[in-house]
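Trainee: Below are the structure tokens for one structure; questions will follow.
The values are calculated or read from the model by the stated rules, or taken from the named source; none is laboratory data. None of the values given here were measured: they were computed from a predicted structure. Here the Cβ is made from the backbone with ideal geometry for all residues, glycine too, and neighbour counts use every protein chain on show.
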Amino acid sequence: MSNRLSDVEARISTVHELESVVSAMRGIAAARSREARSRLDGIRVCAGIIGAAIGDALILDECNTQPAAADADASKHVIVVLCAEQGFVGTFNEHIIEAAAQLPRAGAPGYFMIGERGVVIAQEHGLDVSWSAPMVAHTDEVAALADRITGVLYEQLEAGRATHITVLHAVPQFSTAIEVVQKCLLPFDFARFSASARHLAPLVTLPPRRLLARLAEEYVFAQLCEAIMLSFAAENEARMRAMIAARVNVHDKLDGLIGDSRRLRQDEITAEIVELSSGSLASGDISQMQRSRR
């Protein structure tokens with residue numbers, strides 16, 4: 001019995017250590033989600049500045065017309081799917097992959113998977129993963145990843161392998177539900193930006209069409225930064241919820257082990273009392289027999 005009690009006490013110690021790990025992971029996830037949310041305003045301000053510059057550049061067009069959008073051929077549709085790189089996020093990746101699988105598949109679109117854990121699930125759903133990259137682990141890595149994705153996407157455009165590009169990602173929610181949104185990146189819609197009302201045209205050193213193309217690429221980069229940051233915040237919020245559920249399970253297990261420990265200790269004490277009582281009775285019988293012989 002003492003061996004069983006020591007085993008239970010060892011398991012209690014292990015569960016306490018696990019509880020500390022779960023609490024630490026929950027704290028790290030909360031800090032990362034909070035940091036990601038705090039950086040969204042800066043990204044959106046940057047996108048707004050680029051949008052204002054596009055509006056200024058539109059008035060430079062000699063015919064005062066906006067550039068025509070490229071033909072959105074469904075057979076050359078690339079979908080950028082943002083998943084999680086690290087684990088302990090519950091069904092986060094499954095929800096995003098299922099949303100991607102439900103999109104129209106005319107012409108067998110190609111999928112750019114961000115997050116290695118999402119690649120495996122995408123292949124299980126029969127998605128054609130033509131390119132993949134690791135998801136960020138810190139907010140400081142967002143700009144580098146967005147720049148890498150932008151470069152690959154424009155290579156696809158220039159090579160004629162893509163005409164329509166969509167990004168699919170989760171957004172942070174206070175509820176337990178995982179909300180997945182999609183945003184069309186290309187063909188670039190210049191109609192979203194109204195021409196500037198300024199009286200004097202800005203002084204530029206590039207042809208208007210080339211300037212607009214570069215500004216559009218910068219705007220796509222800003223959109224990808226925002227999408228990655230939102231996905232990173234949502235991923236960490238999913239990890240927080242998973243750690244909260246794990247903490248509840250750890251507490252339930254700990255309560256059960258503590259109950260077992262108390263019962264075993266009580267049984268051990270009872271056994272010792274019985275043993276002591278048996279010894280006392282035996283010694284009393286011996287003494288009585290010795291007195292009767294005298």
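Trainee: Output yes when any residue across segment 127-138 is within 16 Å of Ala99 (Cα to Cα), of a type in the set (Ser, Thr, Tyr) and touching a strand residue (DSSP E or B) at 6+ places or on another chain (Cβ under 7 Å), and no when none is.
Mentor: So the first thing to find is which residues in segment 127-138 are within 16 Å of Ala99 (Cα to Cα), and the list is 127-129.
Add one more test, that the residue is of a type in the set (Ser, Thr, Tyr), and what stays is none.
No, segment 127-138 contains no residue that is within 16 Å of Ala99 (Cα to Cα), of a type in the set (Ser, Thr, Tyr) and touching a strand residue (DSSP E or B) at 6+ places or on another chain (Cβ under 7 Å).
Trainee: So which residues in segment 183-199 are among the polar types (S, T, N, Q) and crowded, with 17+ Cβ neighbours inside 10 Å?
Mentor: Ser196 - this is the single residue of segment 183-199 that is among the polar types (S, T, N, Q) and crowded, with 17+ Cβ neighbours inside 10 Å.
Trainee: Kindly provide the set of residues from segment 20-58 that are more than 16 Å from the chain's Cα centre (by Cα) and either among the hydroxyl-bearing types (Ser, Thr, Tyr) or not in a helix (DSSP H, G or I) (or both), ordered by number.
Mentor: Within segment 20-58, Ser20, Ser23, Ser38 qualify.
Trainee: Quickly run through segment 133-165 and pick out the residues that are modelled with pLDDT of 95 or more and in a strand (DSSP E or B).
Mentor: Ala133
Trainee: Further question: Can you find a residue in segment 48-55 that is in contact with a Phe, Trp or Tyr (Cβ under 7 Å, 6 or more places away or on another chain), surrounded by 14 or more Cβ atoms within 10 Å (Cβ to Cβ), of a type outside the set (A, V, I, L, M) and farther than 22 Å from Asp147 by Cβ?
Mentor: Filtering segment 48-55 for residues in contact with a Phe, Trp or Tyr (Cβ under 7 Å, 6 or more places away or on another chain) gives 50-51, 54-55.
With the extra rule that they be surrounded by 14 or more Cβ atoms within 10 Å (Cβ to Cβ), the set shrinks to 50-51, 54-55.
Narrowing further to those that are of a type outside the set (A, V, I, L, M): 51, 55.
From what is left, the residues that are farther than 22 Å from Asp147 by Cβ are 55.
The answer is yes; a qualifying residue exists.
Trainee: So which residues in segment 259-294 are of a type in the set (Lys, Arg), modelled with pLDDT under 60 and part of a helix (DSSP H, G or I), if there are any at all?
Mentor: Within segment 259-294, the first condition is being of a type in the set (Lys, Arg), and the residues that meet it are 262-263, 265, 291, 293-294.
Add one more test, that the residue is modelled with pLDDT under 60, and what stays is 291, 293-294.
Answer for segment 259-294, where residues must be of a type in the set (Lys, Arg), modelled with pLDDT under 60 and part of a helix (DSSP H, G or I): Arg291, Arg293.
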